[in-house]
Amino acid sequence: IMLGGGRSRVADNWKPSADILDAETGKTVVSLKLTTADEDAVLAATERVSHFEATALAFSPDGNVVAVGTSIGQVKLFNSRTGELVRSLDDEAAKLADKETPENWKPLRRAMGSVASLAFSPDGSLLATCGGSFADFSEGFAAVTREGFRGTGPGRLKLWDVQTGTLKHDLVGHNDHAYAVAFSPDGRWLASAGRWLMDRDWGNGVILWNPQTGQAIHSLIRTT
């Protein structure tokens, strides 16, 4: 519900949800608890970012874990059969370094600014996340939108160690949001799709990465 001045709120009966269904019967196996009471309180106290949405989901190759990414940059890993929270990914250093993030948001475990896509590596050891950086997301707190060129920087494409939850690589390549991410079937390549400024033209395309070293191998770009 739009309130004016860039503010909005959700209807009283609205809430984000993620359910795992039985493919044969269509019945709900488990409903994932996406937020804690503390996280709900932080959102309720924030005028311009009063709610979040589940924006990406991915099952691990063995089906035992489901990762859920949200519009506020949280990535939570759940046991897909019991709904138990396994871990929440947190890039604490980058989160605390963002000067526009309100103090009451900084204790929230957040992997990045916002999540657009998730992908497990074929062996299940890595999780790729992409979307917006903390700085990109922080525009919403002040209702300020940056126009034109965004500097190429970290925070929009990240690789995580699934077992430990530690950040393995923060891949720098897109100077606008990265929209999608996928591993090759053998796990040797990581592809990210996104948008960036190149030679004064906006480009859309794909960057191929070595997920072990974090090195960009090749770019497929179409400028407009």
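Quick notes
- Per-residue 3J(HN,Hα) values for segment 80-97, derived from phi via the Karplus relation 6.51 cos²θ - 1.76 cosθ + 1.60 with θ = phi - 60°, read 6, 9, 9, x, 5, 6, 7, 6, 10, 7, 8, 9, 4, 4, 5, 5, 6, 6 Hz in sequence order (x marks Gly and Pro).
- Overall dimensions of the chain, expressed as equivalent-ellipsoid semi-axes from the Cα gyration tensor (√(5λ), whole Å, largest first), are 27, 25, 16.
- Counting 0.36 nm for each residue step from T28 to W14 and taking away their Cα separation leaves a gain of 3.1 nm.
- Computed [θ] at 222 nm, helices only, for the chain once each DSSP H run of length n ≥ 4 contributes -39500 (n - 2.57): -2500 deg cm²/dmol
- Heavy-atom accessible area per residue - segment 19-162, 1.4 Å, Å²: 46
- Long-range tail of P(r) for segment 22-100 (Cα pairs > 21 Å, %): 37
- Take K168: with every protein chain present and a 1.4 Å probe, its accessible area is about 90 Å².
- Exposure rank, largest accessible area first [T129, T166; 1.4 Å]: T166, T129
The values are calculated or read from the model by the stated rules, or taken from the named source; none is laboratory data. These numbers come from a predicted model, not from an experiment. For the accessible areas, the whole protein counts, side chains as well, though only heavy atoms, and no ligand, DNA or RNA atoms are used. Shrake-Rupley method; radii C 1.70, N 1.55, O 1.52, S 1.80 Å.
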